[in-house]
Amino acid sequence: MRSSIAALTMLALTTGVQADPLVQREFSGRDNRFIEIPGAGFRAMAAGKRISFDAQGMSIDLPGQINGVQGRSVAASGVARSLSLRPDSRLRYSFENASMSAPQGLHPSPTLYHWLVGEAAQWRTGLRSFGALGYRSVWPGIDAVFQGEPGGLKYQFELAPGADAAQVWLRVEGATDARILPTGALQWSIGNDLFTDDAPLVYQPRGNGRVDVPARYRLEQVDATTWRVGFELGSHDKGLPLVIDPAWTGYSGLVGGNSADQVNAVARDSDGNTYACGVTQSSDLPNAGSSKGGEDAFVVRFDPKGVP
């Protein structure tokens, strides 16, 4: 198989503070979204956010502000400068009371990346890429798997027969607010940015199909910016494998106008489309109707590629 090379790609793949800004590029291909950094875990881009993975979980970094100017979305601009991050601009998901399990690349891609920035001694070449990441036995009998999706990131927990779903707890740090929406989705507020974990889809494979299991989030606040998230499941067969399948979607931050916008609910249909509704005071929000002034309601649909 002939390898494809992403040559002279300048990435913000850092393990520490960099003196000079780097150019970041969105990795939109699902087969090469996760880049392995030897000795420093993995990096990825999704919906304009930089995501890092280590043995304890993942961190989502938002573009920061310089002299009061908001950083441009990489997803919108294609190429953008890596800006300094605000102190509250990181959302951290950690596996609580879990074993230390270094992530492993799954579904290898033929694409290699080179980091040719700064002094030659700091260059890195031949960085491998993968379509998914796996954390094995995070809790007894439970694996965590992350996959790239257009416009966002998908993660799920895979339970072996007999594994206890009550062990699955995430510790989320960096959010100034969190709430469970009427749709069952979980919305996080980080400054002016919103993230949404879709309502959990839980099922058990059976024969050639699957059986859905009723499920909802459990949300507990630890302190002003720290939360615990678990899952409450309905009746199911503990002798069968079970999959807990929420999906983080970054679409809320990709639609907006020249004034205040608020997303109140997010839902996903069986075809992979995502719907967001809320209120806006913007006069330039893309719409099929007309603004009446003041505060207007809106509904937007994203196709499976994240395009509104």
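Points worth noting:
- Residue 232 - accessible surface, heavy atoms, 1.4 Å probe, Å² rounded to 10: 80 Å²
- FRET efficiency for the residue 281 to residue 106 pair, using the beta carbon distance and R₀ = 51 Å, is estimated at 0.70.
- Approximate spin-label separation residue 116-residue 301, in nm, with each point projected 7 Å along Cα-to-Cβ: 4.5 nm
- Cα gyration tensor shape for the range 100-163, rounded if a/c is under 1.5, else prolate or oblate: prolate
- Efficiency of FRET between residue 192 and residue 273 - r from beta-carbon atoms, R0 25 angstrom, step 0.05: 0.45
- Largest to smallest principal axis extent of the C-alpha atoms in the range 152-237, angstrom: 46, 23, 22
- Taking every protein chain into account, the accessible area of the range 118-225 amounts to 45 square angstrom per residue (probe 1.4 Å).
The values are calculated or read from the model by the stated rules, or taken from the named source; none is laboratory data. Here the structure is a predicted model, which is why all the values come from computation and not from measurement. We place every Cβ from the backbone using ideal geometry, glycine too, and count neighbours over all the protein chains shown. Ligands, DNA and RNA are stripped out before the accessible areas are found, and what is left, the full protein with its side chains, is counted by its heavy atoms. Shrake-Rupley method; radii C 1.70, N 1.55, O 1.52, S 1.80 Å.
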